[in-house]
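What follows is calculated from the coordinates using simple rules that are stated; it is not laboratory data. Remember, it's a predicted structure, so these values are computed and weren't measured experimentally. Here the Cβ is made from the backbone with ideal geometry for all residues, glycine too, and neighbour counts use every protein chain on show.
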Amino acid sequence: MVSGFAVSKHEKGRESRAATDLVLAHPVLVRRLGKEEALARIPALSDVLINCVHGGASVSFMAPLSRERADAFWRSVAEDVAAGGRALLVAEDGPGGEIVGTVQLVLAQPENQPHRADVSKMLVRRSARRRGIGAALMRAVEDAARQAAKTLLVLDTASDEAERLYARSGWARVGAVPGYALLPDGRPCDTVYYYKQIG
Ligand SMILES: CC(C)(COP(=O)(O)OP(=O)(O)OC[C@H]1O[C@@H](n2cnc3c(N)ncnc32)[C@H](O)[C@@H]1OP(=O)(O)O)[C@@H](O)C(=O)NCCC(=O)NCCS
């Protein structure tokens, strides 16, 4: 629906050295989905979400995460995409290929924060990690924010891997809230807030 963002040549070069359990058939492409495409890709989006939650990611859901619950979540995301409340981006193994990662940009904010958006549900399936897909999703979501005239982005995370990604991407660490949420197995975890000013 909107322009794609390929993983950079540099990252592709490093990808070949990192290949272990997943062979990507094509350069990974990041693009934005509209409502209809989002609805059509729900099974694949749920695959990624379930894969991440069952891998221990604290992203709002407890384990085990059922297919029904995951599908219902993506249906609500598709509705919000249609309403203009958020943007949904996916990283695909080539155009229309397997979805290996996804991220959202929550555009709808209170009327006194029209310049702000939240980055949410940054997910890369476990077998596709450490190939630069998270970094490509980050660049694409920031670009989508600029296109929407957003100048301040905020996110929170309970993942050390994600913290390193955000720091590398130029985000500023605000601080940790102890015991903010639960990990999928029920153990409490802290969450760390980050922000980035973009222009
Ligand atoms: C956080 C997350 C999105 C990162 O995705 P990713 O695709 O692995 O991210 P990247 O590949 O860009 O970077 C990850 C690491 O791989 C390294 N890397 C990137 N490309 C590489 C390549 N071609 N070869 C070797 N290493 C590479 C990066 O330097 C980085 O290293 P570091 O963690 O030691 O600093 C992923 O771990 C994830 O989905 N986690 C679970 C869900 C979650 O918690 N999301 C955050 C919610 S806010």
_Just to be sure I understand the rule: take each whole DSSP H helix in the chain, project its Cα atoms onto its long axis, keep it if the span is 15 Å or more and its mean Kyte-Doolittle hydropathy is at least 0.0. Which ones pass?_
42-54, 133-147
_Of the GluC sites (Glu not before Pro) in region 23-131, those whose Cβ has at most 12 other Cβ within 10 Å and which sit in DSSP loop_ = E111
_GNM top mover of D160, D118, D143 - the chain, alpha-carbon springs below 10 Å_ = D160
*asked:* Modelling each spin label as a point 7 Å along the Cα-to-Cβ direction, I'd like the A135/R69 distance in nm, to one decimal.
replied: 3.5
_Per residue, how big is the convex hull of the chain when only Cα atoms are used? Give it in Å³._
120
_At 0.36 nm per residue, and after removing the present C-alpha to C-alpha distance, how many nm does the segment from L183 to A149 gain when stretched out fully?_
8.8 nm
*asked:* Of all beta bridges DSSP finds with both residues in region 87-199, what is the antiparallel percent, to the nearest 5?
replied: 90
*Most exposed first by the Cβ proxy, i.e. fewest other Cβ within 10 Å, how do T191, T102, T151 rank?*
T151, T191, T102
*Distance between Cα centroids, region 91-159 to region 27-47: provide it in whole Å.*
13
*asked:* Between A176 and E111, how high is the FRET efficiency from 1/(1 + (r/R0)^6) when r is the Cβ-Cβ distance and R₀ = 35 Å? Nearest 0.05.
replied: 0.75
*Name the residues of region 57-88 whose amide N is less than 17 Å from a point 7 angstrom out from the Cα of D190 along the C-beta direction?*
58
